[in-house]
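Undergrad: Dumping the structure here so I can ask a few things about it.
Read-outs throughout are calculated quantities, based only on the coordinates presented, and are distinct from any laboratory measurement. Just so it is clear, the structure is predicted and the values come from calculations on it, not from any experiment. Here the Cβ is made from the backbone with ideal geometry for all residues, glycine too, and neighbour counts use every protein chain on show.
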There are 2 protein chains.
Amino acid sequence: MSLDEFGLIERIAARTRARADIALGIGDDAALLQLPPGQQLVVTADTLNAGVHFPPETLPADIGWKALAVNLSDLAAMGAQPAWCTLALSLPEADPDWIEAFADGFFALADAHGIALIGGDTTRGPLSISITAMGWVPAGQALRRDAARVGDDVWVSGHPGEAAAALQLWQQGGLDVRAAAVDGDLERLRQRLQRPAPRLQLGLALRGLAHAAADVSDGLLADLGHIASRSGVEAVVKGEAVPLSSALRRAFGAAAALDCALRGGDDYELCFTAAPEQRLALEAVASRLALPLTRIGVIVAGQGVRCEGDANGARASGYRHFTG
Amino acid sequence: MSLDEFGLIERIAARTRARADIALGIGDDAALLQLPPGQQLVVTADTLNAGVHFPPETLPADIGWKALAVNLSDLAAMGAQPAWCTLALSLPEADPDWIEAFADGFFALADAHGIALIGGDTTRGPLSISITAMGWVPAGQALRRDAARVGDDVWVSGHPGEAAAALQLWQQGGLDVRAAAVDGDLERLRQRLQRPAPRLQLGLALRGLAHAAADVSDGLLADLGHIASRSGVEAVVKGEAVPLSSALRRAFGAAAALDCALRGGDDYELCFTAAPEQRLALEAVASRLALPLTRIGVIVAGQGVRCEGDANGARASGYRHFTG
């Protein structure tokens, strides 16, 4: 079967939602979009390649979900309201069943957050998904990496390390990424790897509360290191404060679990800094969103990132994907 | 050598120009951009894959140029002012020389039009380049495919068919895409394939003059067919009016040259429709831009596209890339 560029993109485009701010969607040379007045445009682009960013046997619906999730996570980390995206999909062959399953996962996440697909193309090649996601934030209110201040608390959402744990289990042959696990802990870890939840509501709630923010894609210490580096400060994490889920501890033991949480990537939780005066407000956000927010450290004068009480000391090296 | 995602994208990002409308560029989770008031955002995304969209031996500088050119051409076809782009680059290995040469071509074109790179990533994988280009147009002034009217003239810029001719010559072993040809005609054709010029100034000049427009990426008849289809009209092309360059006629003879011009893709000229009252104004645009604009047909009531005086009759089938 030959890959029909026109038929494929139309098949995907037909499933996108409409939005009132789209003057012209897929079908012309480009899309025409209406940004609300007073807003800055927020743009991010990320690619997933088969065998590099996800196991080759990953289900197409999970690939569709995750390719969009990693981009929406970047918008979340800016405190942006998501709106539109483009999709560049390279496929070895035009398999309608694969496309429909991919679109199932992609639009499950897109529709949950009201995102519309406004452009892109399908080309023949090894499986690769490049997405550019767009949204907006009121001018001056974005959560930037360079805004951490000495004296800030360091916070993280959710339970980092679970996606990395699932990946390790898959590499050891102990987890089938294509099927729900019977064991509840294993299934929780698998879901975290295959269907990460971009923290968009949290990003919006952090506007005006947090100073700096980043999403945890490379690893907690690595991404916090980016904040420290761009802000010209040092981040000190207290190892015993890092939240380790029961599923993670039961699967790996406390020490290895902490290593996953500090250095594992692909969780797409948010790591952020905020003044101590915001603690009550942040606890209220956690309660409202039913999402744990945990204080794990402080920002001090200096540079770099370190973790107290971690057996691996200063090794903050980031995640380089599983074949890296 | 391992591919270092961080080092590579920084190496490329360091070469981008600054723009006053970029509040935050590469280095954070996402870019922050300021759209001028009263403008609609114009967004397009296109991918080039090695061996599908360009010969595998193509020079990296030509790949960098062309990957951006095909996207800027879509902005041109909307009458948009180009501004920013993201770049998703998949590479088999991190070769600094290759990256620098790619960037040479990419930024030669970007700088010529004042475009800034504001995001993207580099990943390991078979060579693939996905770009999302952004710009703007005053609300209501975009050149859309669905705006052709019965009675319009059909126009095309430049000399279509030359890129397809170069591709045929390469396929027959008669053209080295990596080196300047000694023969002047051959070199002209080679340049048209390897370094297409997006018609951005023409797109801007056509605002208020043209009704519908599209860029010629799939082939003149195919792209004109998109205009006809979306506008609910028929386009009739007069074969003898289609401008054939001397280089194209000398290389292929008149009949084959016309076939290249009608059905060859990858030229990135603009095809557009305009009321007959605009002829003088359009001739003035052609003169000002030193770019030929030729009336090649008319829009009538009906549907589809046909070419009078073409030996291949109604076959309007588009370009499907050289391995298609």
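Undergrad: Cα centroids of the range B:26-66 and the range A:115-141: how far apart, whole angstrom?
TA: Value for the Cα centre distance between the two parts: 12 Å.
Undergrad: Right, here's the next one. Output the peptides B:12-20, A:254-262 sorted from most to least packed, where packing is the average of other Cβ atoms within 10 Å over each peptide's residues. Don't jump to the answer; show the numbers that get you there.
TA: Values: B:12-20: 14.0, A:254-262: 20.6.
In decreasing order of mean packing, B:12-20, A:254-262 become A:254-262, B:12-20.
Undergrad: What list of ³J(HN,Hα) values in whole Hz, one per residue of the range B:62-77 in order, does the Karplus curve 6.51 cos²θ - 1.76 cosθ + 1.60 (θ = phi - 60°) give from phi, with Gly and Pro shown as x?
TA: 5, 5, x, 4, 5, 4, 6, 4, 5, 6, 5, 4, 5, 5, 4, 5
Undergrad: Okay, moving on. Please quote Rg/Rh for chain A to two decimal places, taking the Kirkwood radius as Rh and restricting both calculations to Cα atoms.
TA: That ratio is 0.98, to two decimals.
Undergrad: By a straight-distance test (C-alpha under 26 Å), which lysines pair with A:Lys238 as possible cross-link partners, with residues fewer than eight away in the same chain excluded?
TA: Reachable lysines: none.
Undergrad: Taking a label point 7 Å from Cα toward Cβ, how far is B:Ala18 from its twins in the other copies, in nm, shortest first?
TA: List, nearest first: 4.5 nm.
Undergrad: State to the nearest 20 debye the size of the charge dipole of the range A:154-229 about its Cα centre, where the only charges are +1 on K and R beta carbons and -1 on D and E beta carbons.
TA: For this selection, approximately 240 debye.
Undergrad: Taking the Cα centre of chain A as origin, work out the dipole magnitude from +1 charges on Lys and Arg Cβ and -1 charges on Asp and Glu Cβ, in debye rounded to 20.
TA: Working: 27 positive and 38 negative charges, 193 e Å.
Here chain A has a charge dipole of around 920 debye.
Undergrad: Here's another thing I want to ask about it. Say a label goes 7 Å from Cα toward Cβ at B:Glu240 in every copy; what distances in nm does this one have to the rest, shortest first?
TA: In nanometres, ordered from closest: 9.4.
Undergrad: Ranking B:Asp121, B:Asp74 by Cβ neighbours within 10 Å, fewest first, what do you get?
TA: B:Asp121, B:Asp74
Undergrad: Between B:Ala284 and A:Arg288, what is the FRET efficiency for a Förster distance of 45 Å, r being their Cβ-Cβ separation, to the nearest 0.05?
TA: Given R0 = 45 Å and the Cβ-Cβ separation, E is 0.15.
Undergrad: Taking only Cα atoms of the protein assembly as shown, what ratio of Rg to Rh do you get with Rh as the Kirkwood inverse-distance radius?
TA: On the Cα set of the protein assembly as shown, Rg over Rh gives 1.01.
Undergrad: Where does the range A:1-159 land on Rg(C-alpha)/(2.2 N^0.38 Å)?
TA: My calculation over the Cα atoms of the range A:1-159 gives 1.12.
Undergrad: If R0 is 45 Å, what FRET efficiency do you get for B:Val150 and B:Ser246 from their C-beta distance, rounded to 0.05?
TA: That pair, B:Val150 with B:Ser246, gives E of 0.85.
Undergrad: A follow-up question, please. Once the label point is placed 7 Å from Cα along Cβ, list for A:Gly174 the distances to the corresponding points in the other copies, in nm, shortest first.
TA: Once sorted, the set of distances for A:Gly174 reads 6.5 nm.
Undergrad: How long are the semi-axes of the equivalent ellipsoid of the range B:178-324, taking √(5λ) for every eigenvalue λ of the Cα gyration tensor, in whole Å from largest down?
TA: 24, 20, 14
Undergrad: Now for a separate question. Can you tell which of B:Ala281, A:Leu200, A:Phe54 lies farthest toward the positive end of the dipole of the protein assembly as shown, using +1 and -1 charges on the Cβ of basic and acidic side chains (Lys, Arg; Asp, Glu)?
TA: Result: B:Ala281.
Undergrad: From other protein chains only, count the Cβ atoms within 10 Å of every residue's Cβ in B:142-149, then give the mean.
TA: What the average comes to for B:142-149 is 3.
Undergrad: Putting +1 on Lys and Arg Cβ atoms and -1 on Asp and Glu Cβ atoms, find which of A:Ser90, B:Gln191, A:Val298 reaches farthest to the positive end of the dipole of the protein assembly as shown.
TA: Toward the positive end, the furthest listed residue is A:Val298.
Undergrad: Counting other Cβ atoms within 10 Å, which GluC sites (Glu not before Pro) in the range A:1-107 have at most 13 and lie in a DSSP loop?
TA: Answer in residue order: A:Glu57, A:Glu93.
Undergrad: What number, rounded to the nearest 500 deg cm²/dmol, is the helix-based mean residue ellipticity at 222 nm of the protein assembly as shown, given -39500 (n - 2.57) per DSSP H run of at least four residues and division by all its residues?
TA: Rounded to the nearest 500, the figure is -10500 deg cm²/dmol.
Undergrad: Give the shape of the range A:103-250 as rounded, prolate or oblate, defined through the alpha-carbon gyration tensor: a ≥ b ≥ c are the square roots of its eigenvalues, a/c under 1.5 means rounded, and otherwise the shape is prolate if a/b is larger than b/c and oblate if not.
TA: Oblate, since a/c reaches 1.5 and b/c is not below a/b.
Undergrad: Positive end of the dipole of chain B, charges at C-beta (+1 Lys, Arg; -1 Asp, Glu), about the Cα centre: which of B:Ala110, B:Pro126, B:Pro243 has its Cα farthest in that direction?
TA: Checking the options against the dipole of chain B, the answer is B:Pro243.
Undergrad: Now, a different point. Using a cut-off of 30 Å between alpha-carbon atoms, which lysines can reach A:Lys66, once sequence neighbours fewer than 8 places away in the same chain are excluded?
TA: Candidates past the 8-residue exclusion: B:Lys66.
Undergrad: Taking the Cα centre of the protein assembly as shown as origin and charging only Cβ (+1 Lys, Arg; -1 Asp, Glu), how large is the dipole, in debye to the nearest 20?
TA: 980 debye
Undergrad: Let me ask something additional. Taking the Cβ of each residue in A:Glu234, A:Glu283, B:Glu162, A:Glu187 as the centre, tally the other Cβ atoms inside 10 Å and list the residues starting with the fewest. The partial results should precede the final answer.
TA: Values: A:Glu234 19, A:Glu283 12, B:Glu162 29, A:Glu187 16.
Ascending Cβ contact count within 10 Å gives the list A:Glu283, A:Glu187, A:Glu234, B:Glu162.
Undergrad: Could you list A:Trp170, A:Trp98 in order of exposure, starting from the residue whose Cβ has the fewest other Cβ atoms within 10 Å?
TA: Fewest-to-most ranking of A:Trp170, A:Trp98: A:Trp98, A:Trp170.
Undergrad: Specify the inter-centroid distance of the range B:204-266 and the range B:161-201, based on alpha-carbon positions, in whole Å.
TA: 18 Å
Undergrad: Now a separate question. Roughly how crowded by other chains is peptide A:81-94, in terms of the mean Cβ count from those chains within 10 Å of each of its Cβ atoms?
TA: Counting other chains' Cβ atoms within 10 Å and averaging over A:81-94 gives 3.
Undergrad: Give me a single rounded figure for A:117-128: the average over its residues of other chain Cβ atoms within 10 Å of their Cβ.
TA: Shielding by partners across A:117-128 averages 6.
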